[in-house]
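Asker: There's a structure below that I have some questions on.
The values are calculated or read from the model by the stated rules, or taken from the named source; none is laboratory data. In this text, all values refer to a predicted model and were calculated from it rather than measured experimentally. All Cβ positions, even for glycine, are placed from backbone atoms using ideal geometry, and neighbour counts span all protein chains on display. Side chains included, ligands, DNA and RNA excluded: accessible areas come from the protein's heavy atoms. Shrake-Rupley method; radii C 1.70, N 1.55, O 1.52, S 1.80 Å.
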Amino acid sequence: DHADWLARWAAVERNAPLDWSAPGLLRFFVHRVSDGESVLSLSVHHAILDGWSVAMLVTELFIAYDRIRNDRPPGKKADHDILRRYAQLERAAERDRGHREFWREYLDGAKPSELPRDEGPGDSPAPAIGLRAVIPTDISQPLRRLARSAGVPLKTVYLAAHVASMAFLSGAPDVTAGLITNGRVEDEGGDRALGLFLNTVPLRVQLRDQTWPRLLKDVFANESL
């Protein structure tokens, strides 16, 4: 059965590590299932492509395949120099004194937000476990209404809940978390460039008996820095 075989193969591929010291951080496979039906799979290290780039890469592959099949000329190539310009801008920001002063003041007195952990065998910490939960409609709809009433995106509501949970579990009202930001260069062709255009920056929120509307505005203000 093709479906069972593909499921077994996918499980093996998910557990095949990508070695940093050797080429091969990107792997393509085409599985011929039957006449006229094939399955394309892609394994990639997140260090070289972000989610947008993966989607763009797959789109370009299918467009190129369609052009070859229909004997059409190749389309416009993506500007691969954008990744170089992105790296130059990041390095310039690191050297900028104003940037360094801003983050120094922003994080002055901040401490890492640590969560309590169970101990594993001996003195080693217990392994982390990933959990996925589906938020039911009777909860998600009120959250959407809360976002609209506060004038913030829905993701800010979830981030505020995360910050409040961190404060509760750590016992510290001054919470420092990580916020992933998109640094893709806003030049022509920047949306089609392939690479990792993400950066994780600190997000600091101090909870001082805020109401939820106040907390949402504080979180949103820190998101927008």
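Asker: Is it the case that some residue within the stretch 74-90 is among the charged types (D, E, K, R), assigned to a loop (DSSP other than H, G, I, E, B), at pLDDT 85 or above and under 23 Å from Gly178 (Cα atoms)?
Answerer: No, the conditions are met nowhere in the stretch 74-90.
Asker: Next question, about the same structure. Would you mind finding the one in Gly178, Gly151 that is in contact with a strand residue (DSSP E or B) (Cβ under 7 Å, 6 or more places away or on another chain), of a type outside the set (A, V, I, L, M, F, W, C) and closer than 18 Å to Leu216 by Cα?
Answerer: Checking each option against the conditions leaves just Gly178.
Asker: Which one of the conditions (1) over 17 Å from the mean Cα position of the chain (by Cα); (2) closer than 26 Å to Leu83 by Cβ; (3) among the β-branched types (Val, Ile, Thr) does Thr211 fail to meet, given that it meets all the rest?
Answerer: If we test Thr211 against (1) over 17 Å from the mean Cα position of the chain (by Cα); (2) closer than 26 Å to Leu83 by Cβ; (3) among the β-branched types (Val, Ile, Thr), just (2) comes out false.
Asker: Another question, then. Take Ala110 and tell me if it is open to solvent by 80 Å² or more (accessible area, probe 1.4 Å) and out of contact with any Gly (no Cβ under 7 Å at 6 or more places or on another chain).
Answerer: No: the conditions fail for Ala110.
Asker: Criterion first (under 24 Å from Val219 (Cα atoms), of a type in the set (A, V, I, L, M, F, W, C) and touching a Gly at 6+ places or on another chain (Cβ under 9 Å)) does Phe168 satisfy it?
Answerer: When the stated conditions are applied, Phe168 does not pass them.
Asker: Taking the stated definitions as given, is Asp96 surrounded by 10 or more Cβ atoms within 10 Å (Cβ to Cβ) and at pLDDT 90 or above?
Answerer: yes
Asker: Considering only residues that are in a strand (DSSP E or B) and among the charged types (D, E, K, R), look in the stretch 1-41 and name the one that is surrounded by the most Cβ atoms within 10 Å (Cβ to Cβ).
Answerer: By that ranking, first place goes to Arg27.
Asker: Pairs under 7 Å by beta carbon, first residue in contact (Cβ under 8 Å) with a residue 40 or more places away in the chain in the stretch 34-58, partner assigned to a helix (DSSP H, G or I), six or more apart or different chains?
Answerer: Close Cβ pairs satisfying both conditions: Leu49/Leu57; Met56/Arg192.
Asker: Looking at this structure, is Val152 under 24 Å from the mean Cα position of the chain (by Cα), open to solvent by 30 Å² or more (accessible area, probe 1.4 Å) and more than 30 Å from Gln88 (Cβ to Cβ)?
Answerer: Here the answer is no, as Val152 does not meet what is asked.
Asker: Kindly establish whether Phe102 is outside any loop (DSSP other than H, G, I, E, B), over 30 Å from Trp9 (Cβ atoms) and hydrophobic (A, V, I, L, M, F, W, C).
Answerer: yes
Asker: Moving on to the next point. Can you name the condition, by its number, that Gln210 falls short on among (1) of a type in the set (S, T, N, Q); (2) open to solvent by 40 Å² or more (accessible area, probe 1.4 Å); (3) under 18 Å from Glu105 (Cα atoms)?
Answerer: All conditions are met except number (3).
Asker: Of the numbered conditions (1) at pLDDT 85 or above; (2) of a type in the set (Phe, Trp, Tyr); (3) exposed (fewer than 11 other Cβ atoms within 10 Å of the Cβ), Trp52 fails exactly one; give the number of that condition.
Answerer: Checking Trp52 against (1) at pLDDT 85 or above; (2) of a type in the set (Phe, Trp, Tyr); (3) exposed (fewer than 11 other Cβ atoms within 10 Å of the Cβ), the one that fails is (3).
Asker: Taking the conditions exactly as written (modelled with pLDDT of 85 or more and closer than 24 Å to Thr181 by Cβ), does His45 satisfy them or not?
Answerer: yes
Asker: Mind listing just one residue for me: the one in the stretch 160-178 that is open to solvent by 30 Å² or more (accessible area, probe 1.4 Å) and touching a residue at least 60 places away in the same chain (Cβ under 8 Å) and, of those, nearest to Arg204 (Cα to Cα)?
Answerer: Once the filter is applied, the top-ranked residue is Thr176.
Asker: Give the number of residues within the stretch 73-93 that are surrounded by 11 or more Cβ atoms within 10 Å (Cβ to Cβ) and over 19 Å from Gly189 (Cβ atoms).
Answerer: Going through the stretch 73-93 one residue at a time, the tally reaches 1.
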